[in-house]
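Please treat every number below as a calculation from the coordinates, not as lab data. Every value quoted in this text rests on a predicted model; they were computed, and no experiment measured them. A quick note on method: Cβ atoms are made from the backbone with ideal geometry, for glycine too, and the neighbour counts reach across all protein chains shown.
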Amino acid sequence: MRAASRGGGAEIKGTEREMGLKTCKFGGTSVADANKLRQVKTIVEADPERRFVVPSAPGKRSPDDVKVTDMLYASHKRGVAGEPADAVFEPIRERYQEIIRDLGLSLDLTPQLDDVCQQLSAGASEDYAASRGEYLNGFIVADLLGYECVDPAEIIHFDAQGRFDAEKTQASVSSRLAGIDRAVVPGFYGSLPDGSIKTFSRGGTDITGAIVARGTGSDVYENWTDVSGLLMADPRIVDNPRHIDVLSYRELRELAYMGATVLHDEAIFPVRQAGIPVHVRNTDTPDVEGTRIIRDMGDTPPSGQITGIAGRKDFTIIALEKTLMNAEIGFGRRLLNVLESHGISWEHIPSGIDSLSVVIKDSELEGKLEKVVAEIEKECEPDSIESYSEIALIATVGRGMSRIPGMSGCLFGALADAGVNVRMIDQGSSELNIIVGVEANDFEKAMRAIYAAFVK
């Protein structure tokens with residue numbers, strides 16, 4: 001990947017709130033146009049330790065705008081259909097050229113744009129198409145900052161089955177970036193052993209940022225986005241939820257998995273392993289402290305207040321009952337074997353003495369439910385088996401919840417008062433959460449009831 005050659009240092013402005021080397025990821029809305037990129041430049045130059053920058057593809061400039069990545073998907077469809085991608089690709093070309101013009105850069109991105117268009121017209125893979133927004137934007141951000149641009153296809157590796165190869169990637173990132181003082185590494189993608197492009201799931205630039213932070217031995221991973229950190233609940237459901245100032249990796253993992261969307265849930269692992277704190281901040285309001293995510297909360301005693309609430313819809317519960325189930329050797333194994341044979345992963349397995357339920361995402365069961373239930377009935381011979389669709393899961397998360405008297409009573413009392421029927425309860429030994437399953441049409445009501453019960 002061609003590096004920007006412009007050197008020199010800009011005047012450093014602002015105050016340093018955290019010491020040490022920083023990796024900074026900037027999301028799609030943070031790099032959507034020239035004005036946003038100027039903000040990025042100001043933020044980066046405000047702290048000389050912001051030496052590694054991981055940009056996304058340009059996102060929406062307005063609510064009715066289209067993301068560059070979505071336009072690339074459209075170009076890919078034309079290519080797969082055997083049609084030239086030129087016409088569909090033209091708005092993408094103009095988008096990048098407009099950004100370059102508005103920034104006053106001398107960068108010529110024409111060769112890269114032409115190559116991407118040709119590859120898409122020739123039927124390049126969907127992963128290749130999805131990655132090119134970050135790839136192209138990397139050149140612009142590097143030229144704007146005067147940083148070297150490093151293609152993540154060189155340093156982020158997946159195995160032949162498409163699984164992320166953490167060990168090989170760690171070695172490559174550390175080796176490649178060790179001799180570079182300041183670099184831009186586009187987010188979202190890496191490469192397979194044969195050199196072809198492989199992407200992470202949507203939002204995967206968060207993961208790239210965490211990988212770079214770990215590989216460079218950064219002291220802080222700054223995740224710059226369009227919100228000032230994490231909130232205790234979804235503001236689309238709960239009015240004016242409180243801001244979360246600090247939480248642990250484990251708490252974030254629970255919230256992110258259950259639907260809190262500020263940070264990709266898989267982005268936690270690389271930095272957690274290295275003990276690198278994450279700082280979620282808003283590109284538009286860089287002076288706001290945001291939310292800090294740290295390894296643990298030390299010996300700070302539980303406050304009695306939850307950390308946050310998050311939830312997701314579109315689950316199905318398969319519930320089994322069988323007399324003396326607990327004494328039947330291999331019952332659970334036979335059940336899970338059925339799921340495995342259909343390539344189905346499960347989310348939760350709450351159980352009683354003579355009952356067991358499996359909670360599964362609807363997307364895993366699409367077109368399979370009837371057959372799966374029939375096979376479970378054949379293999380496990382339960383006294384009864386039922387499935388319940390349109391289930392939503394809600395996680396109430398907080399450090400040391402199990403040690404605080406009355407937490408469960410407060411939660412279930414709030415749901416009862418709101419007229420919400422609880423279909424499933426799951427609480428592990430992690431002391432971090434209580435998960436309830438409710439009817440999907442009670443989801444928002446339940447979220448508001450739980451929040452009101454704990455946040456006063």
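Around residue 383, with a cut-off of 10 angstrom between Cβ atoms, what is the net charge of the other residues, counting Lys and Arg +1 and Asp and Glu -1?
That sum, taken over residues with Cβ under 10 Å, equals -2.
Shown for 96, 189: other C-beta atoms within 10 Å of each C-beta, ranked fewest to most, produce the order 96, 189. If r is the Cβ-Cβ distance from residue 305 to residue 80 and R0 is 45 Å, what FRET efficiency results, to the nearest 0.05? For residue 305 and residue 80, the calculated efficiency is 0.30. Between residue 240 and residue 440, the distance separating the two model label sites (each 7 Å from Cα on the Cα→Cβ line) works out to 3.3 nm. Against the chain, whose longest principal axis comes from its Cα atoms, helix 331-341 is set at around 40 degrees. With each label modelled as a point 7 angstrom along the Cα→C-beta vector, the residue 355-residue 196 pair spans 4.8 nm. Distance between the 7 Å Cα→Cβ label points at residue 73 and residue 384: 4.2 nm. Taking θ as phi - 60° and the Karplus parameters 6.51, -1.76 and 1.60, the scalar couplings of the range 224-233 work out to 8, 9, 9, 10, 8, x, 9, 10, 6, 7 Hz in sequence order, x denoting glycine and proline. Each principal axis of the Cα cloud of the range 308-454 was evaluated for its coordinate range; sorted largest first, these ranges are 45, 32, 24 Å. Length, then width, then depth: along the principal axes, the Cα atoms of the range 47-152 run 48, 29, 23 Å. If both residues of a DSSP beta bridge must be in the chain, then about 65% of such bridges are antiparallel. Net charge in the neighbourhood of residue 25 (other residues with Cβ under 9 Å of its Cβ; Lys, Arg +1, Asp, Glu -1) is -2. Where only DSSP H runs of four or more residues are counted, the chain gives -11000 deg cm²/dmol as its mean residue ellipticity at 222 nm, each run worth -39500 (n - 2.57). This ranking places 245, 86, 33 by how few other beta-carbon atoms lie within 10 Å of each, fewest first, which gives 245, 86, 33. Volume per residue of the convex hull around the Cα atoms, evaluated for the range 22-294, comes out as 132 Å³.
Of the peptides 132-142, 376-386, 437-447, the order by per-residue mean of other Cβ atoms within 10 Å, starting with the highest, comes out as 132-142, 437-447, 376-386.
Sorted fewest first by neighbouring Cβ atoms within 10 angstrom, 346, 224 come out as 346, 224.
In this structure, residue 370 and residue 417 have a Cβ-Cβ separation that, at R0 = 45 Å, corresponds to a calculated FRET efficiency of about 0.75. Listed by chain and number, the lysines whose alpha-carbon sits under 18 Å from that of residue 371, ignoring those within fewer than 8 places in the same chain, are 361.
Would you mind counting up the charge near residue 350? Only other residues with Cβ under 12 Å from its Cβ, with Lys and Arg at +1 and Asp and Glu at -1.
That sum, taken over residues with Cβ under 12 Å, equals -1.
Using bins of 10 Å that start at zero, the share of Cα-Cα pairs per bin across the chain amounts to 4, 18, 25, 25, 18, 8, 2, 0, in whole %.
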